[in-house]
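J.: Below is one structure. I have some questions about it.
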Amino acid sequence: MLKTKSTLLNALSGKSVLVWGARMTGMGLQRLLRSHSNDILGFIDSDPAMQSKPVCGLEVFAPDSLQDIVKKHPDVCIIIAVSIKESEILEQLKSLGLANVETILYSDYCESFYTIDIMGSCNLKCPSCAHGAQTGKYPQGRMSKKSFEKVVDKIISENELVTHVSLYSWGEPMLHKDLPDFIRYLHSKNIAVALSSNISIDNDKLLAEVISLSPEYLKISLSGFYPEAYNRTHTGGDINLVKSNLYRLKYYIEKYKSHTFIDVNYHLYKDNNSLNLMKMQELCDELGFSLSSTYSLIMPLERCINHLEGNSDPKTVSLNQSLLVSVEEGVEATKNNKSDSCPFRENQININWDLTVPVCCTVFEQSGTTVAKDFLSVTTEQINKAKGKAEICKKCMAYGLPAYNMGFNKKRWAEIASEKISLDRQTK
Ligand SMILES: C[S@@+](CC[C@H](N)C(=O)[O-])C[C@H]1O[C@@H](n2cnc3c(N)ncnc32)[C@H](O)[C@@H]1O
Ligand code: SF4
Ligand code: SF4
């Protein structure tokens, strides 16, 4: 049984609060706490990419700084706000000798995280993505403002606490003309907003308006600094437009004193992991943006399953060869993290632009993976029941694909990648 919002606010009242987890869950929680005048000392995050920049105007401390903070603030209360890895954090607190510090788990108050895929299409055709993999026609569209508001209202009415919502899954949110209104609507309900975009979009007015509204988190997805590498993996995009938009973002952040956290998410391949990566890091350092890198995966899930079953198509085979960690290697690296439960199924609810509900965010094709035809006419219980019956989960779990998609055991991924010959121009 989940605890109530007022219990949480009472438990934190008058304390020096540290939020462990500076990403979306933490950002959403800080929005709630600050709106109730709770004093927040800052965030704790073990990811170095998050530590050097303020998040929502607050400092992000490394876990090593905790002992000093606790000495200065004996009334400290740490609230762990992450969607996974809670147990790892509790272990870390023990190893820092801080097991006695008052700790609250946000998951005791909130167990469902929502994604509303407002746009059902994209302007790019990245070969690693469902949009690049499709050969035939597939349903494309956008969510109307009316439906969006109904969806948000329903989510709020069914949950004690909703502190953030993501507005992307398979679509490109910056193509939706109503995006600013969606951000306004969520903020009016005190809900933080997460976006992810290729920003290879020539719409300066929208960019300015979005930033002026300070959505809490904007991930910029890209895969190269020079067109040669970028074009292969962000097919249809224009890296010069992306770079100019990065400058525009910086300009609008300063102009509107926006607190949007910009996370440049660099997708790693064999042909972009040396000079291209270094140049993008330099640009991000210049602009004060965080750069996080991720080993590029093959998406969607259906394509991975086909590949592992030996039914791959030539495009997927060639894509797999361009990866620093192939699907097979990624699955092998995460085999010890295989589990009977799946974080994508247990604590996430995705709502597609057409109100259908997929079993999780990793699947794209609707046949056999849709658990509800209309989010507005089903209960959470019905969704969860239907998820429990989804046939695709059996195969997916047997192959260990949830752990592969979570990218567990990063150390092993890095070792595998370091054994590959880089096809990028080399740094000196
Ligand atoms: C399918 S995209 C849709 C949103 C937007 N078009 C974008 O690319 O950011 C959803 C998420 O998938 C991530 N993504 C895209 N291609 C990926 C890949 N090959 N490997 C890992 N993550 C990827 C993106 O960074 C993004 O946050
Ligand atoms: S990854 Fe994003 S930018 Fe690339 S095709 Fe998919 S939705 Fe579009
Ligand atoms: S088991 Fe696979 S298909 Fe099922 S919810 Fe998890 S990731 Fe999605």
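J.: Looking at the chain as a GNM with Cα springs under 10 Å, which of D354, D117, D374 has the largest mean-square fluctuation?
T.: D374
J.: Cysteines of the chain lacking any other cysteine beta carbon under 4.7 Å?
T.: Lone cysteines by the Cβ rule: C56, C77, C110, C122, C284, C304, C342, C360, C361, C393, C396.
J.: Same structure again: Charges only on Cβ, +1 for Lys and Arg, -1 for Asp and Glu: so what's the dipole of segment 314-424 about the Cα centre, in debye to the nearest 20?
T.: 240
J.: Can you work out the FRET efficiency for the pair Q281 and A398, with r the C-beta to C-beta distance and R0 = 35 Å, to the nearest 0.05?
T.: 0.35
J.: For a paramagnetic label modelled at 7 Å from the Cα of K53 toward its Cβ, which residues of segment 200-221 fall within the zone defined by backbone nitrogen distances under 11 Å?
T.: Taking a point 7 Å out along Cα→Cβ of K53, the residues of segment 200-221 whose backbone N falls under 11 Å are 217-220.
J.: Set the bar at 20 Å for Cα to Cα. Now go through K94/K335; K270/K411; K137/K177 and name every pair that lies beyond it.
T.: Where the Cα-Cα span goes over 20 Å, the pairs concerned are K94/K335; K137/K177.
J.: Pick from S157, S166, S326: which residue has the top mean-square fluctuation in a GNM of the chain where Cα pairs under 10 Å get a spring?
T.: S157
J.: Set the Förster distance to 56 Å, then compute FRET efficiency between E158 and N231 from the Cβ-Cβ distance, nearest 0.05.
T.: Plugging the Cβ-Cβ distance into 1/(1 + (r/R0)^6) gives 0.80.
J.: Another one. Which residues among segment 10-27 fall inside the zone where the amide N is under 12 Å from a point 7 Å beyond the Cα of D68, along Cα→Cβ?
T.: Within reach of a label on D68: no residues.
J.: Report the full-extension gain for the segment S87 to E391: residue separation times 0.36 nm, less the Cα-Cα distance, to one decimal in nm.
T.: Fully extending the segment from S87 to E391 adds 106.5 nm.
J.: Sticking with this structure for a sec: Using +1 on the beta carbon of Lys and Arg, -1 on that of Asp and Glu, and nothing else charged, what's the dipole of segment 5-108 about the Cα centre, debye to 20?
T.: Dipole size: approximately 300 debye.
J.: Additional query: In the chain, which longest range has no GluC sites (Glu not before Pro) that are both DSSP loop (not H, G, I, E or B) and surrounded by at most 10 other Cβ atoms within 10 Å?
T.: Answer from the scan: 1-308.
J.: Okay, moving on. Report ³J(HN,Hα) in whole Hz for each residue of segment 80-85, in order, from the Karplus equation J = 6.51 cos²θ - 1.76 cosθ + 1.60 where θ = phi - 60°; Gly and Pro get x.
T.: So the J values, rounded to whole Hz, are 8, 10, 9, 7, 9, 6.
J.: Can you list residues whose amide H is under 5 Å from Y217's amide H, if they're 5+ apart or on another chain and H is modeled 1.01 Å from N?
T.: Correct list: V193, L195, F261.
J.: Apply the Karplus parameterisation 6.51 cos²θ - 1.76 cosθ + 1.60, with θ equal to phi minus 60°, to every residue of segment 284-289 and state each ³J(HN,Hα) to the nearest whole Hz, in sequence, with x for glycine and proline.
T.: Listing the rounded values in order: 5, 4, 4, 8, x, 9 Hz.
J.: Grab the alpha carbons of segment 113-418, take their convex hull, and tell me the volume per residue in Å³.
T.: 129
J.: Just grab the label-to-label distance for M1 and Y251, each label 7 Å out from Cα along the Cβ direction, in nm (one decimal).
T.: 5.7
A short reminder: the numbers here are calculations on the coordinates, not readings from a lab. Here the structure is a predicted model, which is why all the values come from computation and not from measurement. Methodologically, a virtual Cβ is constructed for each residue, glycine included, from the backbone with ideal geometry; neighbour enumeration extends over all protein chains shown.
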